[in-house]
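The values are calculated or read from the model by the stated rules, or taken from the named source; none is laboratory data. For clarity, every value in this text was computed on a predicted model and none was experimentally measured. Here the Cβ positions follow ideal geometry from the backbone for every residue, glycine too, while neighbour counts run over all protein chains shown.
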Amino acid sequence: MTDGHFAANTPRREISAFLHENGYAIVDDAADAAVMNRLAIEAAPFVEQSAHGRDTYDGRHTRRTGALIARCPTVRTLVMHPIVRGVVGDFLAHSTTYQLHLTQLITIEPGETKQKPHRDQMAFDFFAFPADYHVQCNTMWALTDFTAANGATHIAPGTGHMTDADAEAVDEIQATMRRGSVLFYDGKVLHGGGANTSDRPRQGVNITYAVGWVRQEENQYLACPSDIARTLDDDLLKMMGYQQGAFALGYVGDQVDPLAALRGSHDKVKTVENFRDSNDAFQTFVDDLNR
Ligand SMILES: O=C(O)CCC(=O)C(=O)O
Ligand SMILES: [Fe+2]
């Protein structure tokens, strides 16, 4: 039994097996300091412009910075990192393909409180995927060291296989790791950002991957070029996918509403607390949020 940490030269299957069993795994020092330094420099101006979260789930002392492929060329090497592609490829091998789901630099600033534990697959409108079906696999790269004090991600190991009630008995660990290390965690395991009681921000680059089928059959964003799309009315554009598909789906960059983005504005999608959803599981989650 390991503590979930693996050296970067560990045979991939060992990392994949641990991730499968426990819902997380950490690969230490997977990227070198030069890569992380470059990324930090590229990202800094965008982080500064990113607003704080608008609810306790996103974090009122947390900045979320997206669109990293376009903004930060160095992130491309992390997205395509061979260890990540190997482990995520193993994890999502039941799907014909997998694809990038999101890129988000999460800056947890001093004073932030602990985020409500959640399962990331809830982004798919709280659909109850079968217990043995994984729709996504996530990575979190440490852009600063992740420490117990600065808000290292909390994980409740093995809870991907459990109900919320059973999961309450599980002790959380914190994914403490050095800068350049990468945490893998699945879409079912309970986890969340930590409180930052230190005097420096904690920065993690969240890069997540999903099975290739979670998308529209015809790619509306490319099939209808944006110069034509801009001439269409809002209702037609929403029908084409220029809308928030569930509380977390379809935003652009720093959580900008897709229709707003097409129209050149920066209006944000609704927060989890303001989104309306017919789903009972969603409502329960929101009701619990501020308890
Ligand atoms: O920042 C972290 O450590 C985790 C954040 C997270 O789980 C989320 O926002 O979905
Ligand atoms: Fe999460």
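Looking at the range 21-44, which of its residues are more than 20 Å from T77 (Cα to Cα) and surrounded by fewer than 16 Cβ atoms within 10 Å (Cβ to Cβ)?
E21
Give the residues of the range 187-198 that are within 27 Å of A131 (Cβ to Cβ) and within 12 Å of ligand 1 (Cβ to nearest atom), sorted by residue number.
In the first step, residues of the range 187-198 are kept if they are within 27 Å of A131 (Cβ to Cβ); the result is 187-193.
The answer is G187, V189, L190, H191, G192, G193.
Conditions (1) touching a Leu at 6+ places or on another chain (Cβ under 9 Å); (2) of a type in the set (A, V, I, L, M, F, W, C), marked per residue:
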{"position": "W213", "(1), (2)": "no, yes"}
{"position": "E217", "(1), (2)": "no, no"}
{"position": "S226", "(1), (2)": "yes, no"}
{"position": "M239", "(1), (2)": "no, yes"}
{"position": "F247", "(1), (2)": "no, yes"}
{"position": "V252", "(1), (2)": "yes, yes"}
{"position": "H266", "(1), (2)": "no, no"}
{"position": "F275", "(1), (2)": "no, yes"}
{"position": "S278", "(1), (2)": "no, no"}
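Please go through the range 266-277 and give me each residue that is of a type outside the set (F, W, Y) and within 14 Å of Q244 (Cβ to Cβ), ordered by number. Before the answer, list the steps.
Pass one, the range 266-277, residues of a type outside the set (F, W, Y): 266-274, 276-277.
Within the range 266-277, D267, K268, V269, K270, T271, V272, E273, N274, R276, D277 meet the criteria.
For the range 168-203, name all the residues that are within 16 Å of ligand 2 (Cβ to nearest atom) and free of Cβ contacts under 8 Å to residues at least 40 places away in the same chain.
If the condition is that a residue be within 16 Å of ligand 2 (Cβ to nearest atom) and free of Cβ contacts under 8 Å to residues at least 40 places away in the same chain, then Q174 is the only one that fits.
Could you list, in sequence order, the residues of the range 6-50 that are assigned to a strand (DSSP E or B) and over 20 Å from the mean Cα position of the chain (by Cα)?
Of all residues in the range 6-50, those assigned to a strand (DSSP E or B) come to 6-7, 24-28.
Matches in the range 6-50: F6, A7.
Can you say whether T65 is crowded, with 20+ Cβ neighbours inside 10 Å, hydroxyl-bearing (S, T, Y), more than 22 Å from Y24 (Cβ to Cβ) and assigned by TED's automatic domain parsing to the domain that holds L143, as far as the supplied structure shows?
Working: crowded, with 20+ Cβ neighbours inside 10 Å: yes; hydroxyl-bearing (S, T, Y): yes; more than 22 Å from Y24 (Cβ to Cβ): yes; assigned by TED's automatic domain parsing to the domain that holds L143: yes.
Yes: the conditions hold for T65.
Restricting the first residue to the range 101-112 and requiring it to be at positive phi, which pairs with a second residue that is crowded, with 20+ Cβ neighbours inside 10 Å meet a Cβ separation below 8 Å and a spacing of at least six or different chains?
Partner pairs satisfying both residue conditions: G111/N196.
If you check R230, R276, R291, which single one turns out to be loosely packed, with under 14 Cβ neighbours inside 10 Å and over 22 Å from Y57 (Cβ atoms)? Don't jump to the end; show me each part of the working.
Details: R276 fails: over 22 Å from Y57 (Cβ atoms); R291 fails: over 22 Å from Y57 (Cβ atoms).
Being loosely packed, with under 14 Cβ neighbours inside 10 Å and over 22 Å from Y57 (Cβ atoms) holds for just one of R230, R276, R291, which is R230.
If I go through the range 60-73 residue by residue, how many of them are in a loop (DSSP other than H, G, I, E, B) and either within 16 Å of ligand 2 (Cβ to nearest atom) or in contact with a Leu (Cβ under 7 Å, 6 or more places away or on another chain) (or both)? It would help to see each step written out before you state the result.
Initial filter on the range 60-73 (in a loop (DSSP other than H, G, I, E, B)): 60-61, 66-67, 72-73.
Then drop every residue that is not either within 16 Å of ligand 2 (Cβ to nearest atom) or in contact with a Leu (Cβ under 7 Å, 6 or more places away or on another chain) (or both), which leaves 66, 72.
Residues flagged as in a loop (DSSP other than H, G, I, E, B) and either within 16 Å of ligand 2 (Cβ to nearest atom) or in contact with a Leu (Cβ under 7 Å, 6 or more places away or on another chain) (or both) within the range 60-73 amount to 2.
Of all residues in the range 199-213 being surrounded by 15 or more Cβ atoms within 10 Å (Cβ to Cβ) and either more than 12 Å from ligand 1 (Cβ to nearest atom) or among the hydroxyl-bearing types (S, T, Y) (or both), which is farthest from T147 (Cα to Cα)?
Narrowing the range 199-213 to residues surrounded by 15 or more Cβ atoms within 10 Å (Cβ to Cβ): 201-211.
Pick out the ones that are also either more than 12 Å from ligand 1 (Cβ to nearest atom) or among the hydroxyl-bearing types (S, T, Y) (or both) and you get 207-211.
Details: I207: 20, T208: 22, Y209: 25, A210: 28, V211: 31 Å.
Looking at residues that are surrounded by 15 or more Cβ atoms within 10 Å (Cβ to Cβ) and either more than 12 Å from ligand 1 (Cβ to nearest atom) or among the hydroxyl-bearing types (S, T, Y) (or both), I get V211.
Could you run through the range 254-265 and say how many residues are within 21 Å of the chain's Cα centre (by Cα) and of a type outside the set (A, V, I, L, M, F, W, C)?
4
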